[in-house]
Each structure stands twice: as structure tokens, then as C-alpha cells.
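Undergrad: This is the structure I want to talk about, given as C-alpha cells.
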There are 2 protein chains.
Amino acid sequence: MFEAAELERTLDKETYKTEVAKLRVELIEIQQRLLNADFPVILLISGVDGAGKGEMVNLLHEWMDPRHLETSAFDTPTDEEKERPHFWRYWRALPPKGKIGIHFSSWYSDPIADRLQDKITDNDQEAYLSRVNTLEKMLVDDGALLIKIWLHLGKKQYKERIKNLAADPKTAWRVTKKNLNNIKVYDQFRDVAEETLRQTSTGHAPWILVEGYDQRYRSLTVGRLLRDMIQKRLDVDPKTLVSPAVDWTAKKDKTTLLDFVDLNKALEKKEYKEKLADYQARLNELARKAHKNKISTVMALEGWDAAGKGGMIRRMIHALDARHYRVLPIAAPTDEEHARHYLWRFWRHLQRAGHMTIFDRTWYGRVLVERVEGYARNDEWIRAYQEINEFEEELTEHGIVLLKYWLHIDKDEQLARFKAREEISYKQHKITDEDYRNREKWDDYAQAVADMVERTSTPNAPWHIIEGNDKRYARVRALEILCERLEKAL
Amino acid sequence: MFEAAELERTLDKETYKTEVAKLRVELIEIQQRLLNADFPVILLISGVDGAGKGEMVNLLHEWMDPRHLETSAFDTPTDEEKERPHFWRYWRALPPKGKIGIHFSSWYSDPIADRLQDKITDNDQEAYLSRVNTLEKMLVDDGALLIKIWLHLGKKQYKERIKNLAADPKTAWRVTKKNLNNIKVYDQFRDVAEETLRQTSTGHAPWILVEGYDQRYRSLTVGRLLRDMIQKRLDVDPKTLVSPAVDWTAKKDKTTLLDFVDLNKALEKKEYKEKLADYQARLNELARKAHKNKISTVMALEGWDAAGKGGMIRRMIHALDARHYRVLPIAAPTDEEHARHYLWRFWRHLQRAGHMTIFDRTWYGRVLVERVEGYARNDEWIRAYQEINEFEEELTEHGIVLLKYWLHIDKDEQLARFKAREEISYKQHKITDEDYRNREKWDDYAQAVADMVERTSTPNAPWHIIEGNDKRYARVRALEILCERLEKAL
């Protein structure tokens, strides 16, 4: 989930200056409009230590009219607070309609810290978070615009930041024992935070990840998000608003995770042949062992048109026993499927223990093609991330090995492959006008893929982005990952 | 919560016969209309052993067109099922659009049985139920009409039923060891079931309690509910339907819990004076002890107009130290309150540890006056039960003693008191045209009170219905309950 916020995105000084000047005017205008609105804005700023939460809040106070902005920080509960129920201190800090309330740390600090220190079990945390979800649902049902921002910093970036602070005599005093300890427990923290965000990223109150690495980038991004989300909400007709899904699609940034994929990776033919044979042999052995041990595998395969999914599948099943796997191409739903929840058609195909199921296109269609083409309403695809995460959690908790591949190629490579297909008679059927139409929406799809990876990559079911411009490299890489995951599970 | 379904309601044979004949025609017609609808109906039938679940399901199959009705029973998981994730067997049994699927036992059996046998902790159960809520939300968001019926039988009635079965040689074989054991664990079962229903009675999928004592009563009630709820849903314009709140207000029955309250209870003046003084002395002592031990009390006082709330409060505070309690009359919200969630005005008034807070009218206004007068939309008051339960759970989990009184009088008594007030000059201000207008809606209010008690009476925060036709009796009874609850908590 956090991969998309560990890309070290930066912003140059000049652009920042120009853009902030504009943004400040717009934010003040929006605040003015908001004053007459029938809803409050609740902004939660959480995130990794050192990712700039405090600076961000200060900056917002500078940029906006502080008379209509109120920040509450929740540290160790006071005596007054301890004498009341847990959520009391959050309730009393709720902003009235027409105003913005910033909750610094908020109801998410305790469950993360307590779980990290093993004060509570996984199930205790899940129970607490279900209360948080109920609370947030209550506020949103009442009309509140709830914006939850997570400022993120990868381990490498966090270390770097602490090191830089320590190196400069002017800032060395800011580095505490706590910071140094945070480096040690970073990996556990990341897991707990990821689980927390996953469980509470609901259709009505999804989390929004912002990379905290660069001060200018994160400041402008958060400011713009705030502007766009309030704006969007002000423009909605209140009569049509029943428990609205929050739409964060006010684009954060044009560059996405996909722009950071190294598509130059390639394999020579000879090396390819050797490696392919090696991995196929290994896979055959692992798959037999998995079958014997009743470990099931589900593979979810997504990718651009012409990215080479078919060829990849053929290389995999070459190593498998036909009695133990099934390939399921997902096209238009059947009548029976159409008459049920969109996840039903995937649930029904789960195989018995020890089998492998390969889905050629998957349940992610909901947040890819259905989102981009408008087949699903906004509230439908926005809440689908949570529905999918729940579905996948049922699979992985049952012990199923779940692999999710995004087979990635760039736009030029796709065109070259389209052209090539048109010239080979037995491949002509694979290329239609629709493929060209989809191509025109490349940027929308790219944004949808980035959101998908950001919202559904979890520790137990991570997305693997396969560098696909070179087919040989992609096939071997996919086999390698499959073998590694199986090995780990056996 | 279950009190309302332990009233031993019955229905005579003649009425039953006539009504069922009509109902069967209507159910078949509705099934026909449903066939073309864009949603499935999922009917969960759960409840107490012996409350007639099996008979009910059989009867529905008899009454309706079985081609469009499918029942799935979930017993011990089969091998096939064990090899898949937990929810797989429920997913595969989901009915398609246009049809009715009955889930017998369903996803609620395991959490209740497991908790009862201490296989899982409270938090484990809460975590599981939060998944159930997500699953149900998913189905409802997708358009499904989800009807959850709990067939109930009180302990006394359950014992009676087992005894009757055992006494008749023709049915004695039906009484098993399991039945006899169920009698022993009935009280625990009731608590676990109540907690389960409370946590999963959401705005989009509330539980509906039906008393299972009399075969004719329960059969007709369930059949009518099914008819009315599908009918209502068929009549809704699908365009306005976004995650609909289920409206069960298709009246189950005209008699409610309130009709079973014995309003003849009274106290002679002499006895009253003695008891009043006794309880006040006892309360004084208990309240001082509570203050010392930092135990807080919250009293929620509701009741009919002119039921005598004011006089009751005066008798209570007579025994209290003014520094340690506050009386909060709840009238129209202030500007500040109006600008926030409706529960905010109650959260803010929670006192420090060791204090007593008496709310004269409460957060229940949402499901009483706001419901009846239409100040709250249907979806708003329907989901309010869950919101209120969550709120109260925060209080009781923090250790607060929460008392909820419904001060009950009958319609004649109210009129007599109105007239009396009009004749006493210093009480004239207490009676207005509005009081008479509210009186006209007596039956609607009675239904709202019955629903309120049914949906929000929980083991830790039960409703106490005070027999109020005799003021003396009511005051002493309220003091008695207060003392008992405090004693238990100290």
C-alpha cells in the first residue's frame, strides 16, 4: 500500500512559489464559501514520524483564515479526559458546520501504538477499529466531510532524514531517542499502520496517502487536496447526498508509481531459455508439494492490453499438472453472474484445497475498466477497494497464497505490439477498434492502476508489478515471484 | 432487547385461517412482481431453539411458489466447505436478483455458539461481527433486500415448550439432551445473542424480533413482514436508492410491550412516605460512596407528557449533594449544538468521575419525537438505534452506571392530568396546544417507544419501564431501581 508513497517525488522551488500563491487565494475563497455550508470539514493528519505532520498543520494555519480553522492535538489523555469515555475528547473537538477542524494524531494513534507495543492483540485492534469505522460512518452520515491524510516516509527516507537532522548542529537537538528507536521498529510499524489503514479505508472515508519526503511536494499536494475535496463537496446538490463516498480523484499528481517502473529490464535469449527451464522445474516441484500439503494458490493477473498475459500463463501451466489448476478468463459476466454481487463470480470459482486458480483478468475490473468507462458509479468503485480487501483477507486468512500481478508495458510498446498483431493473420482477431479506444484513455487507466495498487497492496497480498516491455524478462520474473511465494508458504 | 418478545402473544384459530388465506394470495403476487425486479431478497431466519425456525421455513415453502424460493441450511461445514474460506458457503448460496433465498441459521450461528462455549473472546466475536457487518453492507450496497428475523422464546416459555413436548408420548422423542442442556445455558445464550444482535442491528440491516411462543402468531407475523418489506422495496424508485435503510415499520402487531404494563400498581400515602424516606436515605449514602469511588451515573429520563418526570427528579435530587449532580433539561438545541452531530450535545455534558447527570429528555428524541413528527428522515432515525447503542456502550464500558427510564401512564390518565393542570394557575404554563396535538398521535408514539425499547435495551443499559399512573408508586419505584443499580455497581 505504501509503495506508491516511497518514490521520492520532489517539486522545484519556482513552481512551488507560483502555485502556492494561487492556492492560498483559492483556499481563502473556499473557506468563505464553506462558512454558509451545511456541513463541517474534519481533517485527520496522521502518518510516519518525521513526515512533516506538524509543519503541514502549521502551514495550513498560515495559508488559511485561522478564525475558521481549529486544530486539536491529542497527546496523553489529561485527567479530565481519563475520567470520561475514550471517545469523549474527540467528540468535544468536533468542528461545527461551516468550519474546518484539524485532528492531529486523532483516534488512530492509540490503536497503532498499542498494537506495536503488543498491548493489544490483532483482534482487539480489529474490534477497536470497527468502532472507529462506526464513529466515522456516524459523522459522514450526518453530513461531515471527513478527509483522512496519511503522510508517509519509507524506511530509507526516514533514516536519511534523521541522519541529516543529526548531522546539522542547528537541528541535531531535534533528534531524540524516540526517533532512533523508531528506525528500529520501522518495519513492524509499517505493517501495523498498513493493516490499520486497510481496515479503515472505507467507501465513505478512504485514506489518502501523500508522500512526505519533500516538503514542497507534500505541502502543495495536501493543500490542493483540501481545496479540491471541499470544492467538490460544495458543488454537490445536498438532496442527492446520502452517505456520500469521498472522491479523492482530484488528481494529486500526474506522475504515478508506474512512471518509476524500469522497463529496460531484459533477458538475452540464451539466458532466458536456461532460466525458464530452471524455474519451470522448480515450480513443478513446488506445485506438487503444495498440492500434497493442501496449500491453494490464487493468481490474479491484470495488465495492459497486449502486455503478454496469455504467453505468461502458458509458460506457467507448462510446469503444472492439469488436474491441479484452472485458468479462468474473465470476460463479460454470464446471466447467472450478472444477477448477483460482482464478487460472487469469483467466490464461486475458488477451488478445493491444494489447487491453483489463475484468473486472467479479475475482480479488479471494478476499479479499472468499470471505473474508467463509467460502468460503475463513483460510490460503487470507491467502496470496491474495501470490498476487495475484505474478500482477499478471507482468502489469505484461510491460508491461500494470493498473487497479484500487474503486467506493465509502456504506450509505445503497446502500439508496436498492436501493429505486429495486425500483420500476423492468426493474431488479427486479438486486435479490435476497442483496443485503440482504450488506448486513448491511457492516462485515466494509469491513474486507476496507481490507485488500485495504493489501496489494495497489503502485506499478505501485495501487488507485483512486472516489467513487461521485454517478454522474456517478464515471464521469468513472474515465475520467479511465484516460486518464491510458494516456497515461503510451504 | 428481548423483553418485547416475551409477552406470550397469541392468535386465535379463526383469525389465523382467514388472514392466512389472504396472505398466501398476496405473497404469490409479490413473488411474481419480484421476478422482474433488480434485486434479490435474502431472508435470514435465526433464533432460539424451539421457537419454530424450521416450521416457519417449511410454511413459507408451502405458502409461496417454491420455484422462486431457495432455502439453504448451514450445519457443520462439509469437507468441500472446510477447504475454502469461511464465507464461501454463504456466498455460493446467495440468491439471484428476482428471487428469495432463505438462509437458515446463516453466518450468525458460529459466533453465538463459539462465544457461548468460550471458544472465542468478546473481542474475537466483535472482530468477526464487524466482518459480518461489512459483508451485509456489501450485499445491501449492491441492492439486496436483506431481512433478518430473530424468532424468540423466553426462558419460561422455552422450558414450557420442552416440558409439553416431553409429556406427550407422540412428541417425546423430539426432546434431546441438547434441548435439556439449552435450558441450563439459557441465560448465557440470551446475553450472547443480545450482544450479537445489538452489534449487527445496523441501519441497512436491522434485526427484527418476532415472538415465537404461538405458532399462529409467529407464522402470520413473519409472512406479513416478508410481504410488506418486499412490497415497500418494490415501490421505491431505484434511482433514489443509495444503500437504503430497511424500514420494518410495516406494523407487526398493534399490541406492544406497553400494553402489558400493569398500571394498577399504587401506594398508599403512609407507605409512600415511609418508603420514600427510606430510599432517599439509602440513595444519599450510595451516592456519597459512588462519588468517593469515582463511579459516575447517567440517568436518561423519558416518558409521556405529564407522566411526572419533574416530580420524580425532585424526589431524587432531594437526596443528593448539589455539587455532585446536574439536571439537564433537553429542549431545542442551541446554535452551537445544531451545528454538530445530534449526539454531540450529550457527549459534551458528560461529567467528571463520580458525578451524576440527569437528562430530562434525552438522545432518544431522535427515535421518538423526531421520528413521529418527521423531523428526522427515515434513514436517519433507523440508523440512530445503532448510533445510540454505540454511544451507550462507550459510557458503560467506561464504567458509568447508565439508567434509562420510560415513565409510563395511559391515555386517560394523561387527559385527567392535562385537565387538572389547566385548573391550577401555576401549572397552566405547563399545558399547551402542542400537548394536545401530540396526544392525537398516541399510537404512533407508542409504536416508537416499543421499537426503542426493543432495539436499545441491552444487558448493561436496560430500559426500566416505570408504572406511572400512581405518582407515589412511580417515584418510589424509580428510587428503588436507582439504589439497586448503584449498589450493584459499587
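Undergrad: Please get the size of the charge dipole for the stretch B:3-253, origin at its Cα centre, with Cβ charges of +1 on Lys and Arg and -1 on Asp and Glu, quoted in debye to the nearest 20.
TA: 600 debye
Undergrad: Below 8 Å between Cα atoms, with a sequence gap of 6+, how large is the relative contact order for chain A in percent?
TA: 19 percent
Undergrad: Further question on the same structure: Amide H to amide H, which residues 5 or more places from A:LEU402 or on other chains are under 5 Å from it, using H placed in the peptide plane?
TA: The answer is A:VAL298.
Undergrad: Let me cross-check B:TRP442: its accessible surface, 1.4 Å probe, with only protein heavy atoms counted, in Å² to the nearest 10?
TA: Counting only protein heavy atoms, the figure is 30 Å².
Undergrad: Scan around B:ASP360 for amide H atoms under 5 Å from its own, H built in the peptide plane at 1.01 Å from N, and keep only partners 5 or more places away or cross-chain.
TA: Here B:LEU328, B:ILE330 satisfy the definition.
Undergrad: Using alpha-carbon positions, what is the distance between the centroids of the stretch B:300-362 and the stretch A:393-410, in Å?
TA: So the separation of the two Cα centres works out to 54 Å.
Undergrad: Can you work out the FRET efficiency for the pair A:THR396 and A:ASP118, with r the C-beta to C-beta distance and R0 = 22 Å, to the nearest 0.05?
TA: Working from the Cβ atoms, E equals 0.50.
Undergrad: P(r) of the stretch A:300-360 in 5 Å steps, Cα pairs, percent per bin?
TA: In whole percents, the pair-distance histogram is 4, 15, 24, 21, 18, 14, 4, 0.
Undergrad: No solvent, one uniform scatterer per C-alpha: report log10 I(q)/I(0) for the protein assembly as shown via the Debye equation at q = 0.06, 0.07, 0.08, 0.10 1/Å, two decimals.
TA: -0.51, -0.70, -0.90, -1.34
Undergrad: Another question about this same structure. Compute, for B:VAL327, the solvent-accessible surface of its heavy atoms (probe 1.4 Å) with the complete set of protein chains present, and express it in square angstrom to the nearest 10.
TA: 50 Å²
Undergrad: Calculate, in nm to one decimal, what A:ASN58 and A:GLU373 gain on full extension: separation in residues at 0.36 nm each, minus their alpha carbon distance.
TA: Difference between extended and current length: 109.4 nm.
Undergrad: So, one more: Between A:HIS338 and A:GLU487, how many nm apart are label points set 7 Å from Cα along the C-beta direction?
TA: In this crude label model, A:HIS338 to A:GLU487 measures out at 4.7 nm.
Undergrad: Can you pull the accessible area of B:SER296 for me, 1.4 Å probe, Å² to the nearest 10?
TA: Surface accessible to solvent at B:SER296 totals approximately 10 Å².
Undergrad: I would also like to ask the following. Assuming R0 = 30 Å, can you tell me the calculated FRET efficiency for the pair B:LYS269 and B:GLU434, based on Cβ-Cβ distance, to the nearest 0.05?
TA: Step by step, r from the Cβ atoms, then E = 0.35.
Undergrad: Please list A:GLU26, A:GLU70 in order of solvent-accessible area, largest first, computed with a 1.4 Å probe with all protein chains present.
TA: A:GLU70, A:GLU26
Undergrad: Okay, next question. In chain A, what is the volume of the convex hull around the alpha carbon atoms, normalised per residue and reported in Å³?
TA: 184 Å³
Undergrad: Here's a follow-up. To the nearest 20 Debye, how big is the dipole of chain B about its Cα centre, given +1 on the beta carbon of each Lys and Arg and -1 on that of each Asp and Glu?
TA: Roughly 1060 debye for chain B.
Undergrad: If you don't mind, there's one more thing I want to ask. Output ³J(HN,Hα) for the stretch A:191-206: one whole-Hz value per residue in order, computed from phi by the Karplus curve 6.51 cos²θ - 1.76 cosθ + 1.60 with θ = phi - 60°, and x for Gly and Pro.
TA: 4, 5, 5, 4, 4, 4, 5, 4, 6, 10, 8, 9, x, 7, 8, x
Undergrad: Output the 0 to 90 degree angle, nearest 10, between the alpha-carbon long axis of helix A:13-35 and the longest principal axis computed from the alpha carbons of chain A.
TA: Approximately 60 degrees, to the nearest 10.
Undergrad: A follow-up question, please. Order B:ILE100, B:ILE465 by their accessible area, 1.4 angstrom probe, all chains in place, largest first.
TA: B:ILE465, B:ILE100
Undergrad: Ok, one more. Could you derive backbone 3J(HN,Hα) for the stretch B:87-97 from the dihedral phi with the Karplus parameters 6.51, -1.76 and 1.60 (θ = phi - 60°), listing whole Hz in sequence and x where the residue is Gly or Pro?
TA: In residue order, the calculated couplings are 7, 4, 5, 6, 4, 5, 8, 5, x, x, 4 Hz.
Undergrad: Tell me, how many Å apart are the Cα centres for the stretch B:14-70 and for the stretch B:153-210?
TA: 22 Å
Undergrad: Where does the stretch A:3-253 land on Rg/Rh, using Cα atoms and the Kirkwood Rh?
TA: 0.95
Undergrad: What accessible area per residue comes out for the stretch A:3-253, rounded to a whole number of Å², with a 1.4 Å probe?
TA: 43 Å²
Undergrad: If you don't mind, there's one more thing I want to ask. Given a Förster distance of 30 Å, report the FRET efficiency between B:ILE424 and B:LYS289 from their Cβ-Cβ distance, rounded to the nearest 0.05.
TA: 0.15
Undergrad: Which distances in nm, rounded to one decimal and ordered from shortest, link the label point of A:LYS82 to the equivalent label points in the other identical copies, with labels set 7 Å from Cα toward Cβ?
TA: So the label point of A:LYS82 gives 5.0 nm to the other copies.
Undergrad: Moving to a separate point now. Give the cross-link partners of B:LYS441 among the lysines, using a straight C-alpha distance below 22 Å as the criterion and excluding same-chain residues fewer than 8 apart.
TA: The reachable lysines, counting only those whose Cα sits under 22 Å from B:LYS441, are B:LYS251, B:LYS252, B:LYS254, B:LYS309, B:LYS411, B:LYS419, B:LYS430.
Undergrad: Can you give the helix-only mean residue ellipticity at 222 nm for the protein assembly as shown, where every DSSP H stretch with n ≥ 4 adds -39500 (n - 2.57) and the sum goes over all residues, rounded to the nearest 500 deg cm²/dmol?
TA: -16000 deg cm²/dmol
Undergrad: Among the listed pairs B:LYS289/B:LYS404; A:LYS289/A:LYS404; B:LYS159/B:LYS275; A:LYS156/A:LYS471; A:LYS137/A:LYS184; A:LYS178/A:LYS404, give every one whose C-alpha distance is greater than 25 Å.
TA: Beyond 25 Å between Cα atoms: B:LYS159/B:LYS275; A:LYS156/A:LYS471; A:LYS137/A:LYS184; A:LYS178/A:LYS404.
Undergrad: Expressed as a fraction of 2.2 N^0.38 Å, the rule-of-thumb size for a compact globular protein of N residues, what is the C-alpha radius of gyration of the stretch A:259-489?
TA: 1.01
Undergrad: Can you put B:LEU320, A:LEU479 in order of accessible area, largest first, using a 1.4 Å probe?
TA: Descending accessible area places them as B:LEU320, A:LEU479.
Undergrad: A further question on this structure: List, in order, the whole-Hz ³J(HN,Hα) value for each residue of the stretch B:261-275 obtained from phi through the Karplus relation with A = 6.51, B = -1.76, C = 1.60 and θ = phi - 60°; use x for Gly and Pro.
TA: Karplus-based 3J(HN,Hα) across the stretch B:261-275 equals 7, 7, 7, 7, 4, 8, 10, 5, 4, 5, 4, 4, 4, 5, 5 Hz.
Undergrad: Can you tell me the 0 to 90 degree angle between the C-alpha axis of helix B:442-456 and the longest principal axis of chain B, rounded to 10?
TA: The angle comes out near 70 degrees.
Undergrad: Same structure again: Largest first and in whole Å, what are the equivalent-ellipsoid semi-axes of the stretch B:74-171 based on the Cα gyration tensor, each being the root of 5 times an eigenvalue?
TA: 29, 19, 16
Undergrad: Out of residues 5 or more away from A:GLU211 or on other chains, whose amide H comes under 5 Å of its own, with H placed 1.01 Å from N in the peptide plane?
TA: So A:GLU211 has HN proximity to A:HIS152.
The values are calculated or read from the model by the stated rules, or taken from the named source; none is laboratory data. The shown structure was predicted, so the numbers you read here are calculated from the model rather than taken from an experiment. Backbone-built Cβ (ideal geometry, glycine too); neighbour counts: all protein chains shown. Areas reflect the complete protein model, heavy atoms only, side chains present, ligands, DNA and RNA absent. Shrake-Rupley method; radii C 1.70, N 1.55, O 1.52, S 1.80 Å.
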